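What follows is calculated from the coordinates using simple rules that are stated; it is not laboratory data. These numbers come from a predicted model, not from an experiment. Cβ coordinates were reconstructed from backbone atoms using ideal geometry, including for glycine residues, and neighbour counts include every protein chain displayed.
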Number of protein chains: 2
Amino acid sequence: MRVTILGGNGFLGRKLAARLARDGALGGRRIEQLTLFDLVEPAPLPQAPFPVRRIAGDVADPAAVAGAIPPGTDVVFHLAAVVSAQAEADYDLGLRVNLHGTLAVLQACRALGTRPRVVFTSSVASFSGGQDAVVPDEGRQLPTNSYGAQKAIGELLLQDASRRGFLDAVNIRLPTVMVRPGRPNKAASSFVSAIIREPLLGLTTECPVSEAFAVWICSPRSAVEWFLHAATMDTAPLKLDRGINPPGRSATVARMLNALESVAGPEARARVRFVPDPEVYAIVEGWPAAFEADRARLLGFPEQEPLEDLVRAFIAEDLETTRRERGL
Amino acid sequence: MRVTILGGNGFLGRKLAARLARDGALGGRRIEQLTLFDLVEPAPLPQAPFPVRRIAGDVADPAAVAGAIPPGTDVVFHLAAVVSAQAEADYDLGLRVNLHGTLAVLQACRALGTRPRVVFTSSVASFSGGQDAVVPDEGRQLPTNSYGAQKAIGELLLQDASRRGFLDAVNIRLPTVMVRPGRPNKAASSFVSAIIREPLLGLTTECPVSEAFAVWICSPRSAVEWFLHAATMDTAPLKLDRGINPPGRSATVARMLNALESVAGPEARARVRFVPDPEVYAIVEGWPAAFEADRARLLGFPEQEPLEDLVRAFIAEDLETTRRERGL
C-alpha cells in the first residue's frame, strides 16, 4: 500500500514514519511507498524497508499537495498545521495552512477517485467549556481560538467529503501531547511539555498556569497508536460523524509534577517556577479539561498510559536527541 | 448609515431592500447609502429615499466584494448563497460561493477596520436529527448535506472573526422560508412553498414527501424582521456564540395544506398530488423538524405568525407579481 504523511517532518509525523518503517506494514498490508511532505524537506528514514519520497512544499499549494498524494495512495495522514498561538498571532497564516491546506488535501484525495483513508488531526482546542467541562461525545464545537475554529472547519470539510464518497476521513481531536521533545514552540500548550522536559534537561522553566490547572493530555505513543487505528479501522460504524474524541487523560499540573518527581526526584520538580502568563492563559483557559470519550473506546481506540510512563518514555526515546539538538 | 445586501436580487434580499426603502432608516439611524450586490445586477428600488448602488458581481471574487462593502459600511446582510440541492449537485460551485464567498465577505469587512455588523443567513440544513429532533440551543451542527456543511463553516469563520474584532456577526439559522414567490427552485425544500403557491396560481403540483412530514418553517416577513433585529441588537450578550436558532414554527405538510384550504378552499388543496421523490427526501429527511429557540426569544427575536397568515401574506404581497412574472 501507499502512504502519505503531510507534516512528515513534525514531531508526530516523524514518530509515525519511524513506526511505519519499523512495522513495514499497516493493517496487515505491506507498505510499498511512503511519501513524507513538509514545509522543509523531511529527514531521511534510513531503516525503512520501502522506498521513501521526501518532498518539501506548501500544504496550501494544491499542485504540491497533489504531488504528495500520488495515484494509488491508500492512506493520508494529514498532520500539517499552524499551531494555536501562531494561528492566533497571524490570522492569515492560520487560515492559509489550516483551512486552505485542508481544502487542498480534500481536492487531491478526491481527484484520485479511489476514496483514500484520511486521518486528520483535529484538536481539543476546537471545543470550549474550560476547566469545569467534561465534553460528551455529542459535544458541540464552539472554539475559543482561531486554531480551534480552523480545525473544526477542517473536520466539517472532511466529514462532508466522506459522506460524498470523495475520501474516507477519521478526524481525531488530539489532546495536548506531552512530552514533546525539542524546544518550547508557539503552541499555547507548550508549557505542558516544558514542565517535564526542561527539568529533565537540567534546566529551569516557567509554568504560566497554576498547579490546579487541568489539561486533557495524551502521550506521543498514544497519538501514534490512535493514528494507526484510525488508518485501519472499519469506518462504517462512524456513519456521518467522523469526529473522534480519543481516550486521553485529564491531568492537573500538580499531577504532572508528581509524575516528574516520582521518576526524576524532587530536584527535577524544583526546576519549575510558577509565573502567570495572561496571554497563554487566555488561550488555554477555554479548552475543556476532560472528555467522556466513550465512543472512541467502543470503536477500539486504546487507552492512554499513566503519567509516569509518559515521563519514562520521554527519557527512553527523546531525551538524548533533544539534548544533542539543543547542544546541551 | 451605510448598508450592503449581498444577494440583493434574491427573494429575501429584495424584500429586505424594499423594507429598508420604506423605513429609510435602520435601528433609528437614517440610511445614507444602500448597496445591492448580486450575480446579476439587482432590480432598481424606485421608492428609496437614499442613493442605491446596484452592482453585479461574484461573491467569491474578493475585489468585487470589497467594492460592494465600501468604507463607512455599518451593516452587511450576507444572503448570497448556492442553495441546498444545487450545492449537492455541484460540489465545487457550492464551495466557491458558500465558503470562498463568505471568506471574501470576512476579509472585506476586516479590511474596513471599523468592525461592521454582519448578518449571515445560515440554515436549519446545518443540523441533523430529522423528524424526531427538537434541537436545543446548544445543539451540535452535524450536517447531512454540503450546503449545511458550508453554512456551518461560514458560521465558524464569522464567529471567530467576531471574537477577534474584525466584524460583529449574527448568524441566523434560517428555517425553510414559505411562501417563496416565483418558480420552483433548486432548493430541496422548494416543495414547501410550491404546495401553497402553485395551487393559488391555479396549478397542480407534486409533493415529494408525505402529509405527516414536518418542516421547521418561517415566513418571509419573519425572516426580514429577524434580519432587522440582528442588524440592530446589542451583540454583547451573545458572547462567543454568534449562532441564532430563531423562533420559527414546526409544521407538517398536512397542517400547511389545512392552512391553504382554510384560506383558499378545498379546490386549492386538491391541486396537490403526492409523488414521492427519493432524491429530495434524501436531503430533507436529515433536517430537524423542530427547535427550542429559547435563546433567540430571550434575545428579542419576534415570534413566527400562524400559517394562515403566511398564506394570506403571500396572496397580498406576492401572488400577482408571481402570476405576471410567469405569464399566467
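Data overview
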{"quantity": "Spacing of the two label points (7 Å from each Cα toward its C-beta) at A:Gln47 and B:Ala236, in nm", "calculated": "6.1 nm"}
{"quantity": "Chain B, relative contact order in percent, only Cα pairs under 8 angstrom and at least six apart counted", "calculated": "18 percent"}
{"quantity": "Subset of B:Lys151/B:Lys186; A:Lys15/A:Lys239; A:Lys186/A:Lys239; B:Lys15/B:Lys239 violating a 27 Å alpha-carbon distance limit", "calculated": "A:Lys15/A:Lys239; A:Lys186/A:Lys239; B:Lys15/B:Lys239"}
{"quantity": "Interchain or long-range residues, amide H under 5 Å from A:Phe77's placed H", "calculated": "A:Thr4, A:Ile5, A:Leu6, A:Val119"}
{"quantity": "Pairwise label distance in nanometres, A:Ala64 with A:Leu39, each label 7 Å out on the Cα-Cβ vector", "calculated": "1.0 nm"}
{"quantity": "Using θ = phi - 60° and Karplus 6.51 cos²θ - 1.76 cosθ + 1.60, couplings along the range A:215-232 (whole Hz; Gly, Pro as x)", "calculated": "10, 8, 10, 8, 8, x, 4, 4, 4, 5, 4, 5, 4, 5, 5, 5, 6, 10"}
{"quantity": "Hz values of 3J(HN,Hα) by residue in the range B:28-38 - Karplus curve (6.51, -1.76, 1.60), Gly and Pro given as x", "calculated": "x, 10, 5, 7, 9, 7, 10, 10, 9, 10, 7"}
{"quantity": "Nearest-ten-degree value, helix B:190-200 long axis tilted from longest Cα axis of chain B", "calculated": "60 degrees"}
{"quantity": "Relative contact order (%) - the range B:56-120, alpha-carbon pairs under 8 angstrom, separation at least six", "calculated": "48 percent"}
{"quantity": "Mean residue ellipticity (222 nm) of chain A, computed from DSSP H runs ≥ 4 via -39,500 (n - 2.57), nearest 500", "calculated": "-11500 deg cm²/dmol"}
{"quantity": "Residues with amide H under 5 Å from that of B:Ser122, placed H, sequence gap 5 or more", "calculated": "B:Ile172, B:Arg173, B:Leu174"}
{"quantity": "At 7 Å out from Cα toward Cβ: B:Asp277 inter-copy label distances (nm, ascending)", "calculated": "5.7"}
{"quantity": "Contact order normalised by residue count of the range A:59-195, Cα under 8 Å, 6+ apart, percent", "calculated": "28 percent"}
{"quantity": "Sorted by Cβ density within 10 Å, fewest first, the residues A:Val280, B:Val40", "calculated": "B:Val40, A:Val280"}
{"quantity": "Nonlocal amide H pairs with B:Val135, under 5 Å, H built at 1.01 Å", "calculated": "B:Ala290, B:Phe291, B:Glu292"}
